[in-house]
Amino acid sequence: MTSVITGGHVLTVDARRNEYTGGYVAVDGTQIIEVGPGPVPERFAGAERVDARGCLVTPGLVNTHHHLYQWATRGRAVDSGLFDWLTQLYPVWGMLDERIVGAAATAALAWLARTGATTTMDHHYLFPRGGGDVLGATVAAAAEVGLRFQPTRGSMDVGRSQGGLPPDNVVEDTAAVLSDTQAAIERFHDPSFGSMLRIGVAPCSPFSCSRDLLTESAALARDRGVRLHTHLAETSDEDEYCLERFGCKPVAYLDSLGWLGPDVWLAHAVHLDDDAIGTLAAHGTGVAHCPWSNARLGAGICRTRALLDAGVPVGLGVDGAASNETSSLIGEVSAATHFARAVGGPSAMSVREAVELGTLGGARLLGREAEIGSLEAGKLADIALWRLDGPPHLGIADPVAALVLGPPPPLELLLVGGRAVVERDRVVTVDEARAEQAARDVSASLP
Ligand SMILES: [Zn+2]
């Protein structure tokens with residue numbers, strides 16, 4: 001079944017960065033088969049038409065850092081920095097189970113879709129004893145909502161009694177983590193082209209994971225050919241923790257463990273000096289920039305301009321909903337632009353570059369740039385149609401500027417592999433009202 005999206009402004013993010021006013025995107029099944037300037041070629045005369053007049057057509061956004069479970073614990077420790085915020089939230093997170101995680105993940109994924117995400121990762125590192133199959137609950141939620149999913153089996157093994165930050169009851173035994181991570185890869189990982197589900201490995205952070213867990217996790221990920229992720233250099237507290245315990249800063253610590261490589265992406269990377277940026281660039285290690293979460297926790301502003309100039313791959317992430325109650329991926333595109341300019345001047349991030357970070361940049365971090373991140377023949381039909389002809393964007397001639405600098409627009413249509421997930425700004429794959437009620441109920445059930 002062929003359909004043609006026609007009449008919109010098409011921002012391809014292809015190798016030549018082509019844009020077509022009144023262009024078209026032809027989709028056959030799960031893939032894009034042709035993109036070009038209008039009018040639609042005669043050979044598509046019999047295809048179904050999707051009217052995109054008044055819309056900007058972009059690749060679907062790629063979310064490179066998230067904790068879906070946190071949708072159940074939004075709006076807590078609202079005036080705290082990272083370590084204090086974590087200390088207040090860990091005991092609540094210790095009560096999670098598969099029912100809570102499933103309801104939170106469904107609500108979080110539905111909202112992500114509403115904000116333009118067609119692919120998302122999830123960093124899940126909490127496996128409370130007796131909590132059931134929490135990773136399976138996120139996988140089921142993503143299948144239901146219909147987003148392309150890259151969950152990571154996260155972990156923590158250094159509790160407070162060992163000098164870590166989390167309380168002992170939310171950390172796991174190192175050997176158990178590794179065997180369960182291997183089992184998760186075997187159970188879920190689909191490496192095929194167009195896969196809806198790839199697994200990654202993601203020990204949580206240097207202040208909650210042992211040297212053994214970090215080293216063995218990297219070895220496991222590389223042995224199984226899956227990607228590797230962690231939080232790094234988020235706050236100055238973490239710099240101090242690493243200097244005190246390991247005698248070096250976070251990037252140097254990971255480098256000393258043989259951790260860094262082109263198969264790795266790091267969340268935040270706010271506190272980097274020039275040497276650390278050079279180290280990441282030399283290894284081809286990417287950064288998931290989460291500007292809104294960093295601002296919410298007062299962590300600082302990532303040096304995106306310096307990272308990009310050094311050749312470090314950069315994508316965008318909303319981070320968990322407990323440190324970013326907006327949880328809007330298009331909001332992160334906007335924040336990345338504004339924050340870069342606030343510290344680096346007006347040329348520090350163009351509106352088009354910000355969309356690239358949210359699309360192709362994210363695809364690179366997840367190792368999927370051959371499949372997603374741009375509108376090109378042969379890529380997957382992950383496409384967003386942003387409606388820009390309403391009052392909030394009135395008079396903004398450049399549709400890309402309207403998307404990035406204006407308020408988040410309604411989504412006319414969001415396709416994942418050619419399947420509609422959002423239509424006229426409503427999620428159509430799940431009953432939104434029921435998902436919202438379930439999320440409300442699990443939030444209320446926690447102390
Ligand atoms: Zn995070």
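The values are calculated or read from the model by the stated rules, or taken from the named source; none is laboratory data. Computed from a predicted model, the values in this text were never measured in an experiment. Note: ideal-geometry Cβ built from the backbone for every residue, glycine included; neighbour counts use all protein chains shown.
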- Message: Tell me yes or no: at least one residue of the stretch 291-301 is farther than 21 Å from Leu213 by Cα, within 15 Å of the ligand (Cβ to nearest atom), charged (D, E, K, R) and surrounded by fewer than 22 Cβ atoms within 10 Å (Cβ to Cβ).
- Response: yes
- Those residues that are part of a loop (DSSP other than H, G, I, E, B) and under 16 Å from Gly300 (Cβ atoms), I need them from the stretch 314-355; list them, please. Gly317, Asp319, Ser323, Asn324, Ala348
- For the stretch 219-245, pairs from a residue that is within 20 Å of Phe207 (Cα to Cα) to a residue that is assigned to a helix (DSSP H, G or I) and small (Gly, Ala, Ser), with Cβ under 8 Å and 6 or more apart or across chains, are Leu228/Ser217; Leu228/Ala218; Leu228/Ala221; Ala233/Ala276
- Neighbours by Cβ (under 7 Å, 6+ apart or cross-chain): first from the stretch 52-67, touching a residue at least 12 places away in the same chain (Cβ under 8 Å); second away from the ligand (no atom under 16 Å from the Cβ) and aromatic (Phe, Trp, Tyr): Cys55/Trp386; Leu56/Trp386; Thr58/Trp386
- Task: Please note which strands (runs of 3 or more DSSP E) are completely contained in the stretch 1-79 and include at least 3 residues that are among the β-branched types (Val, Ile, Thr) and touching a Phe, Trp or Tyr at 6+ places or on another chain (Cβ under 7 Å).
- Result: 2-11
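Let's see how each residue does on (1) within 13 Å of the ligand (Cβ to nearest atom); (2) farther than 22 Å from Leu82 by Cβ:
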{"position": "Gly284", "(1), (2)": "no, yes"}
{"position": "Ala288", "(1), (2)": "yes, no"}
{"position": "Ala322", "(1), (2)": "yes, no"}
{"position": "Ser328", "(1), (2)": "no, no"}
{"position": "Val333", "(1), (2)": "no, yes"}
{"position": "Ala336", "(1), (2)": "no, no"}
{"position": "Phe339", "(1), (2)": "no, no"}
- Query: Can we say Thr235 is under 24 Å from Asp319 (Cβ atoms) and either buried (at least 19 other Cβ atoms within 10 Å of the Cβ) or of a type in the set (Ser, Thr, Tyr) (or both)?
  - Reply: yes
- Query: Of the residues that sit in the stretch 329-375 and are among the polar types (S, T, N, Q) and out of contact with any Gly (no Cβ under 8 Å at 6 or more places or on another chain), which one is farthest from His66 (Cα to Cα)?
  - Reply: Ser347
- Query: Does Glu356 qualify as being away from the ligand (no atom under 16 Å from the Cβ), among the charged types (D, E, K, R) and buried (at least 21 other Cβ atoms within 10 Å of the Cβ)?
  - Reply: yes
- Query: Looking at (1) within 16 Å of the ligand (Cβ to nearest atom); (2) under 26 Å from Arg227 (Cβ atoms); (3) not in a loop (DSSP other than H, G, I, E, B), which is the one condition that is false for Leu109?
  - Reply: (1)
- Just give me the residues in the stretch 52-95 being under 22 Å from Cys204 (Cα atoms), in contact with a Leu (Cβ under 7 Å, 6 or more places away or on another chain) and small (Gly, Ala, Ser), in sequence order. Ala72, Ala77, Gly81
- Item | Close pairs from the stretch 253-268: first touching a residue at least 60 places away in the same chain (Cβ under 8 Å) and within 12 Å of Leu366 (Cα to Cα), partner among the β-branched types (Val, Ile, Thr) and within 15 Å of the ligand (Cβ to nearest atom), Cβ under 8 Å, at least 6 apart | Trp265/Thr64; Trp265/Val287
- Selection from the stretch 163-194 of residues that are out of contact with any helix residue (DSSP H, G or I) (no Cβ under 7 Å at 6 or more places or on another chain), touching a residue at least 24 places away in the same chain (Cβ under 8 Å) and among the polar types (S, T, N, Q): Asn169
- With (1) more than 20 Å from Val170 (Cβ to Cβ); (2) touching a Cys at 6+ places or on another chain (Cβ under 8 Å); (3) modelled with pLDDT under 95 as the list, and Pro206 as the residue in question, which single condition is left unmet? (1)
- Task: Return the residue satisfying two criteria in turn: it lies in the stretch 302-313 and is within 19 Å of the chain's Cα centre (by Cα) and assigned to a helix (DSSP H, G or I), and of such residues it is farthest from the ligand (Cβ to nearest atom).
- Result: Leu308
- Select from the stretch 75-93 the residues that are more than 14 Å from the ligand (Cβ to nearest atom) and more than 17 Å from Asp237 (Cα to Cα) and write down the one among them that is surrounded by the most Cβ atoms within 10 Å (Cβ to Cβ). Ala77
- Is it true that some residue in the stretch 365-381 is farther than 30 Å from Pro191 by Cα and surrounded by fewer than 18 Cβ atoms within 10 Å (Cβ to Cβ)? no
- Is the stretch 121-137 home to any residue that is under 20 Å from the mean Cα position of the chain (by Cα) and either in a loop (DSSP other than H, G, I, E, B) or under 19 Å from Ala433 (Cα atoms) (or both)? yes
- Note on the structure: Scanning the stretch 398-447 for residues that are more than 20 Å from Ser374 (Cβ to Cβ) and among the basic types (Lys, Arg), the one nearest to the chain's Cα centre (by Cα) turns out to be Arg426
- Checking Arg387 against (1) touching a residue at least 60 places away in the same chain (Cβ under 8 Å); (2) more than 16 Å from the ligand (Cβ to nearest atom); (3) over 22 Å from Gly406 (Cα atoms), which single condition isn't satisfied? (3)
